[in-house]
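The numbers here are math on the coordinates, done by the rules we state, and not lab data. Being a predicted model, the structure only gives us computed values, none of them experimental. No Cβ is skipped: glycine too gets one built from the backbone with ideal geometry, and neighbour counts run over all protein chains shown.
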């Protein structure tokens, strides 16, 4: 067993299961999380409309995307979705608090997003479902998916501004 694949497996598991746990907090209220009703309220407060759709979507991206990344199935797609989620988390919640997590800064979501990007760019460990099934994605496509994830995150960040602008214009 080579150490590079074991290293990527550890990274996949750590980043994927951490995202999945946060998604479970949002959707089910597990481990002291808000649960769907409270998460929907948070999404409404942040300006995402329809709040229920964005609450469910963000929770599912973290839960399903995290689990897919952890087991290494459809790794580049899961990684791109998690990178998009990290961009939204950083831009919508943590950016204004600076860098360090102790002040609710970007440190933690940035590390998770970078970890997801690293796994996605590498294609993940051969010790994964993708590896077992022989699923290999061209490096240029993996890079394109990560760039697409970043762009999707920035587009999603504009939604509260667009809905606020539309509401004040009406």
Out of 105, 113, 123, 131, which single residue is farther than 20 Å from residue 66 by Cα and surrounded by 15 or more Cβ atoms within 10 Å (Cβ to Cβ)? 105
Is there a residue in the stretch 70-81 that is on the phi < 0 side of the Ramachandran plot, without any contact (Cβ under 8 Å) to a residue 40 or more places away in the chain and crowded, with 17+ Cβ neighbours inside 10 Å? no
Among 56, 88, 155, the single one that is free of Cβ contacts under 8 Å to residues at least 12 places away in the same chain and in a helix (DSSP H, G or I) is 155
In the stretch 4-48, what residues are outside any helix (DSSP H, G or I), crowded, with 17+ Cβ neighbours inside 10 Å and touching a residue at least 40 places away in the same chain (Cβ under 8 Å)? 48
Limited to the stretch 137-151, what total is found for residues that are exposed (fewer than 13 other Cβ atoms within 10 Å of the Cβ) and part of a loop (DSSP other than H, G, I, E, B)? 1
